[in-house]
Amino acid sequence: MSEVTTPQVRPTRPYFSSGPCAKPPGWDASKIATESLGRSHRAKIGKTRLAYCIDLMREMLQLPDTHRIGIVPGSDTGAFEMAMWTMLGARPVTTLAWESFGEGWVTDAAKQLKLDPTVVRADYGQLPDLGQVDWSNDVLFTWNGTTSGVRVPDGDWIPADREGLSFADSTSAVFAYDMPWDKIDVATFSWQKVLGGEGGHGVLILGPRAVERLENYTPAWPLPKVFRLVSKGALSEGVFKGETINTPSMLAVEDAIFALEWAKSLGGLDGLKARSDANAAALDKIVADREWLSHLAADPASRSKTSVCLSVAGADADFIKKFAALLEKEGAAYDIAGYRDAPPGLRIWCGATVDTADIEALGPWLDWAYASLSA
């Protein structure tokens, strides 16, 4: 083959990792407020900034007053496990898994909590039959599968008169889709995904039915301190007003506030969705124009608009590793190899903190890497 021509235009910000994700455009460490650093999170300034962060999240998520929102330890994983350990066991459990994090909740429910859950699975790239879910059970699922690029299309499959609670791991979905909060009893996420924030902290959202469960049910197993949301039979309301269970990183909180204020400057949720939709559309065009590239999630109705997973014709894990390494060496794309448990392929973050022009500039670099390795 003839020598492969190197593209001349690189993405300005080649940050396509699916977590931690790209910082918001214009981000700089010098722009982060620092007055709360070195102060107690229990001091007035600390509690004020934590409460402000919660208020901004509520506003940007368009979260109704019926739902509480709190900052908890352990990123999205910590938030989801907190919900599982404190609320499951009151009724039968169904776990849905079509990617690695959903499988993680299956393991927790079956092997750690020993609840003998009903497990509904689908292969990577597919969505299970949501119509077979028994809503007399508590139901655990990922709204947007970060490692498979598959999401639930909407909340229509969740009945309004459900008996069980809906537990939605929403970490790659919030700030990118319209979330039907009336259908969600428990939602979790972390700042490191769609906001491009720092890791280590999770966010726990509780609807009124989840609060009722917490206040009227005591699990059979002991709870570590960082999971305790109830005191003397009542919800610990302070957790949802900025009085965190453990000491938070105020630097991470200030970083999240920066991202949320940036989101507000765009017009809030509508602005964030528009950016993510434009990024996903730009990547769709790149895929459509190349025979060797395809979506792992075949059905557009259940295809993620944030963590987009792609298949490369004839590629194995070694090919993908070299593909991603070539682009990183050139400064054209960082961290785009698919998740280790997923089929070999690429994963490109299209959330709102990525610029559409950088997605568009990525196309020729994908061609270059594929041609270079094929040669």
Probe 1.4 Å - accessible area at ASP335, Å² to nearest ten: 90
Residue of ILE320, ILE336, ILE348 that the Gaussian network model of the chain assigns the largest fluctuation, springs spanning Cα pairs under 10 Å: ILE320
Acute angle (nearest 10 degrees) that the helix 317-329 long axis makes with the longest principal axis of the chain, alpha-carbon atoms: 80
Rotationally averaged projected area of region 120-185 (alpha carbon convex hull; nm²): 4.2
Solvent-accessible area per residue for the chain (1.4 angstrom probe, square angstrom): 41
Label-point separation in nm, THR48 to THR34, each point 7 Å along Cα→Cβ: 1.9
Cα-projected label distance for GLU328 with THR12, points at 7 Å along beta-carbon direction, nm: 2.5
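I'd like the FRET efficiency for ALA160 and ALA234, computed as 1/(1 + (r/R0)^6) with the beta carbon distance as r and R0 of 30 Å, rounded to 0.05.
Values: r = 27 Å, r/R0 = 0.90.
Approximately 0.65, to the nearest 0.05.
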GNM flexibility winner over the chain from GLY125, GLY145, GLY38 (Cα, springs under 10 Å): GLY38
Approximate spin-label separation SER265-LYS241, in nm, with each point projected 7 Å along Cα-to-Cβ: 3.2
For region 102-227, diffusion coefficient by Stokes-Einstein and Kirkwood Rh (Cα), 25 °C, 0.890 mPa s, µm²/s: 156
Among SER40, SER302, SER75, residue whose mean-square fluctuation peaks in a GNM of the chain (springs only between Cα atoms under 10 Å): SER40
Viscosity 1.002 mPa s, temperature 20 °C, Stokes-Einstein D of the chain from Kirkwood C-alpha radius, µm²/s: 100
Scattering profile of region 1-103 at q = 0.18, 0.21 Å⁻¹ [log10 I(q)/I(0), Debye over alpha-carbon scatterers]: -1.26, -1.38
Accessible-area ranking of GLU328, GLU291, largest first, probe 1.4 Å: GLU291, GLU328
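Counting DSSP beta bridges in the chain, what percent are antiparallel, to the nearest 5?
On the way: 24 of 39 bridges.
Antiparallel bridges: around 60 percent, rounded to the nearest 5.
The values are calculated or read from the model by the stated rules, or taken from the named source; none is laboratory data. What you see is a predicted model; the values in this text were computed from it and never measured. Cβ coordinates were reconstructed from backbone atoms using ideal geometry, including for glycine residues, and neighbour counts include every protein chain displayed. With ligands, DNA and RNA removed, areas are computed over all heavy atoms of the protein, side chains included. Shrake-Rupley method; radii C 1.70, N 1.55, O 1.52, S 1.80 Å.
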